[in-house]
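Please treat every number below as a calculation from the coordinates, not as lab data. Everything quoted here is computed from the prediction, not taken from an experiment. A quick note on method: Cβ atoms are made from the backbone with ideal geometry, for glycine too, and the neighbour counts reach across all protein chains shown.
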């Protein structure tokens, strides 16, 4: 092979490698924040589920108005909880993104107010909110309070918290966190430092098993 052909072949190989890397990053985005190395740099204070000693950290970004998030909750998250969170292998963090109209902000405040009132009840409330999801504009103040009462939260306290915007700072923090990490759609899941948008259970299971095998 001549030097010219070798150079051409090398150039093509480099271009293909870069293209492959670009496509990989597009399909499997790499966030800029590693929860394994520094949980406190943005995720501390978020709702958590599972053992703090779990070797793998998972961060879920959702929106209570997002239909795909509702599907993720019913088809994927329950399996993750059963197989990895309850087994002490994964600790999950939750970030709600109040993208959309004013009702998205109401729902976002409601989630933060529920977490402030009862950290354990937050996860029941999250599940109930997705179950209550309906047509546009469904997440009114009255509606999210009724849902809260159904899972044992104190409705009057929650209503005041939402209406007065007592958790607006947390809602804004979560939006800023998503921008910092690079999340552009929901549901998005970060396992360790590897990000996925609308992943299947099989995709997440494969990544979790890989990180468990690596001793993360």
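Annotations for the structure displayed:
- For residue 119 and residue 200, a Förster radius of 35 Å and the Cβ-Cβ distance give a FRET efficiency of 0.75, rounded to the nearest 0.05.
- Residue-span extension gain [residue 86 to residue 157] - 0.36 nm each, minus C-alpha spacing: 22.5 nm
- A simple packing score, the average count of other Cβ atoms within 10 Å per residue, orders the peptides 172-178, 88-94 as 88-94, 172-178, with the highest score first.
- Intensity falloff of segment 125-216 expressed as log10 I(q)/I(0), Debye formula with alpha-carbon point scatterers, at q = 0.15, 0.25, 0.26 Å⁻¹: -0.83, -1.19, -1.22
- Likely footprinting exposure, 188, 51, 193, fewest C-beta neighbours within 10 Å first: 51, 193, 188
- In this label model, residue 184 and residue 102 are separated by 3.1 nm, measuring between points 7 Å along each Cα→Cβ vector.
- Once the Kirkwood radius over Cα pairs is known for segment 117-162, the Stokes-Einstein relation at 4 °C and 1.567 mPa s delivers a diffusion coefficient of 121 µm²/s.
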